[in-house]
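The values are calculated or read from the model by the stated rules, or taken from the named source; none is laboratory data. Small disclaimer: the values here were computed from a predicted structure and weren't measured. Positions of Cβ are backbone-derived with ideal geometry, glycine not excepted, and every protein chain shown enters the neighbour counts. Ligands, DNA and RNA are excluded from the accessible area calculation, which covers all protein heavy atoms including side chains. Shrake-Rupley method; radii C 1.70, N 1.55, O 1.52, S 1.80 Å.
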Amino acid sequence: MAKNYPFPTYLIPLLITTTLLISTVSKTKGWKTMLPPIDESISQNLRDDIETIQLASKDYGNMMQEFPAAVFHPSSINDIARLIKLSYNSSVPFTIAARGQGHSISGQAMARDGVVVDMASFRKQRNGVGIIVHEDPFIGYYADVGGEQLWIDVLHKTLEHGVAPVSWTDYLYLTLGGTLSNAGISGTTFRYGPQISNVQEMDVITGKGDLVTCSSQENSELFHAVLGGLGQFGVIARARIVLEPAPKRVKWVRLLYSDFSDFTKDQERLISMNNGIRTKHIALDYLEGMLLMHQGPINNWRSSFFPLSEHPRIASLITKHNIIYCLEVAKYYDDQSQKNVNKGIQDLLQGLGYIPEFYYEKNVTFVEFLNRVRSGELKLQSQGLWDVPHPWLNMFIPRSQIMDFNSGVFNDIILKRNITNGPVLVYPMHRSKWDDRMSASIPDEDIFYTIGFLHSSGFHNWKEFDDQNRDILQFCSDAGIKVKQYFPHYNTQEDWANHFGIKWRSFVERKYQFDPRMTLSPGQKIFENNQKQRLKSFPQ
């Protein structure tokens, strides 16, 4: 028999969440009073009101919640250092997570019963002074950027000087500290390396609360640990970023393939041309690939590229082949190189195996190209479709196993389940562009592929996509495909050890060296059991 509720049943999930939140917040009453009197300035910047706690309890993934005891709104770098040192010196330390844009998928920026450091509020307090561009007569331009700063703001600030970073993510409304803690990849990585390969120096607040300047020459162990270190060794306060003269415009091309073998062969050929075989004036600056399938629109939210008049033809091609592979390339240019860009692109594309009648191109400004995802985001926000679950899966696959992956995943799991409705990215990069001393874990082969399933779902069906992700990972395990997750999420330390492989021992040693009380980034759950031991007496 159905119960008679005095309110609409669709409000039940909201009421349950609110009840849990109120219960959680009530447990933390008096939490501030347990801080030492000498840290009154810290106490004043801690907030535990329901709205603040709720905002810090979820992320872009929208699939889980972890309620912190409090949220810290720092007004300076020293505030963050004092907070971490307070925990480090406490008889019972509390966990701390630095949260930039909260763009994690599985709670990586959360701190259950701990403190979340709101880097977004810090960015607002700094009011634009967190990005400083310098010119050195010997090394050229570089930028000192606060870890809380957004890449879109870095772009605009550096362009004022006619320069810009060379390595980007596809989405620019992310913090510098957030992307450097993972790696920072996109279609520029094959040529310029990930963002972590384009950092000269950093200021890092370690798990001991020490503010340390580090580089590949000074305090190099910390420098390499933090880059790709998932926030385990310190909070990035500042990073020095390599800059080069900025182009003005971009020649942007998309080509369609019906054969996966031709698609991958051409991608590998093009990125190899950029590895020293061809001259710079015709080298590509960007290369990505993606799948087009029935379940998703021809133009996904990441960019509106294909003309509407072409949608029926492309849809017909998808119907015929089930999956179509789209190769996307771009060449930067300015006034001087404009006359050569068209010929350069044609030289590069000569002999490729795409379907000739499915060639598309655009000429856009440099900013329009780099910020191409933003318009799709704003459109989804206006439709109420942005703050939904995002059961994403991002992986690196060795080149030697990409055909097996295509057969078992794209042409089997994906087609059989028939639920994939977001962008699916497929593109290669060079291992040589990565620094193996850094924490980021990648396949051993010289060329490996990024695979990204960027799903959006409803709150009622995200588990279907999560199950599909598990099926994909299980297939890789059964087939012996040596997959490495990007934005990794594992539930056991054994899985984490397998993820880092030969780097695991040094990863653990670095943790004990730079965060010995294991207070930083608990949401990653890498050292969860160790953290629980230290936090078992945490005030409830």
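How large is ³J(HN,Hα), in whole Hz, for each residue of the range 117-128 in order, when computed from phi with the Karplus curve 6.51 cos²θ - 1.76 cosθ + 1.60 and θ = phi - 60°, using x for Gly and Pro?
8, 7, 6, 5, 5, 5, 4, 5, 5, 6, 6, x
Could you state the accessible area per residue of the range 249-485 in Å², with a 1.4 Å probe and every protein chain left in place?
Here the per-residue accessible area is 43 Å².
Going by amide H atoms built from the backbone, whose H comes under 5 Å of the H on Lys525, apart from near neighbours?
Counting only residues 5 or more places away or on other chains, the set is empty.
Rounded, prolate or oblate, given the Cα gyration tensor of the range 382-540, with a/c below 1.5 counting as rounded?
It comes out oblate by the Cα gyration axes.
Is it possible to state the helix-based mean residue ellipticity at 222 nm for the chain, with each DSSP H run of 4+ residues giving -39500 (n - 2.57), the sum divided by total residues, to the nearest 500 deg cm²/dmol? What is it?
-9000 deg cm²/dmol
Under 5 Å between amide H atoms, partner at least 5 residues away or on a different chain: which partners does Asn62 have, H built in plane at 1.01 Å?
Amide H neighbours of Asn62, under 5 Å, 5+ apart: His390.
Find the centroid of the Cα atoms in the range 115-194 and in the range 447-516, then give the distance between the two in whole Å.
26 Å
Return the long-range amide H neighbours of Tyr427 (sequence gap of 5 or more, or a different chain), with a cut-off of under 5 Å between placed amide H atoms.
For Tyr427, the qualifying residues are Gly289, Thr450.
Sorted by accessible area (1.4 Å probe), largest first, how do Ile397, Ile77 line up?
Sorted by accessible area, descending: Ile77, Ile397.
Let me check I've understood the local charge: for Phe448, count other residues with C-beta under 10 angstrom from its C-beta, Lys and Arg +1, Asp and Glu -1. What total comes out?
Every neighbour counted, the sum reads +1.
Please list, in order along the range 373-388, the HN-Hα scalar couplings obtained from phi with the Karplus expression 6.51 cos²θ - 1.76 cosθ + 1.60 (θ = phi - 60°), rounded to whole Hz, x for Gly and Pro.
6, 4, 5, x, 4, 4, 5, 5, 4, 5, 9, x, 10, 9, 8, 10
Expected output is a single nm value to one decimal: the length gained when fully extending between Ser76 and Asp436, i.e. 0.36 nm times separation in residues minus the C-alpha distance. What is it?
Contour length minus the Cα-Cα distance gives 126.3 nm.
Could you tally the net charge around Leu327, taking each other residue with its Cβ under 13 Å from the Cβ of Leu327, Lys/Arg +1 and Asp/Glu -1?
Its environment carries a net charge of -4.
Past the 25 Å Cα-Cα mark, which pairs from Lys248/Lys362; Lys58/Lys379; Lys124/Lys511? If you can, show how the numbers build up before the last one.
On the way: Lys248/Lys362 14 Å; Lys58/Lys379 22 Å; Lys124/Lys511 31 Å.
Beyond 25 Å: Lys124/Lys511.
Give me the distance in nm between label points sitting 7 Å out from Cα along the Cα-to-Cβ direction at Tyr359 and Asn418, one decimal.
3.6 nm
Could you tell me the distance between the Cα centroids of the range 55-108 and the range 411-443, to the nearest Å?
If you average the Cα positions of each part, the centres end up 29 Å apart.
Heavy atoms only, probe 1.4 angstrom, no DNA, RNA or ligands counted: give me Met293, Met403 ranked by accessible area, highest first.
From most accessible down to least: Met403, Met293.
Suppose R0 equals 22 Å. What FRET efficiency, 1/(1 + (r/R0)^6) with r the Cβ-Cβ distance, do Glu51 and Val92 give to the nearest 0.05?
Here the calculated transfer efficiency is 0.20.
I'd like to check one number: the per residue accessible area of the range 125-245, probe 1.4 Å, reported in Å² as a whole number.
I get 32 Å² per residue for this part.
Please report, as a whole percent, how much of the solvent-accessible surface of the chain comes from carbon and sulfur atoms (probe radius 1.4 Å).
That fraction is 49 percent.
In Å², what does the accessible area per residue of the range 27-124 work out to with a 1.4 Å probe?
41 Å²
Sort 438-451, 172-185 by packing, meaning the average of other beta carbons within 10 Å per residue, with the highest value first.
Working: 438-451: 20.8, 172-185: 25.0.
Answer by packing, highest mean first, reads 172-185, 438-451.
Could you check what % of the DSSP bridge pairs in the range 27-124 are antiparallel, to the nearest 5?
20 percent
Residue by residue, what Karplus-based ³J(HN,Hα) values in Hz, rounded to whole numbers, does the range 491-499 have, using 6.51, -1.76 and 1.60 with θ = phi - 60° and x for Gly and Pro?
9, 10, 5, 4, 5, 5, 4, 5, 4
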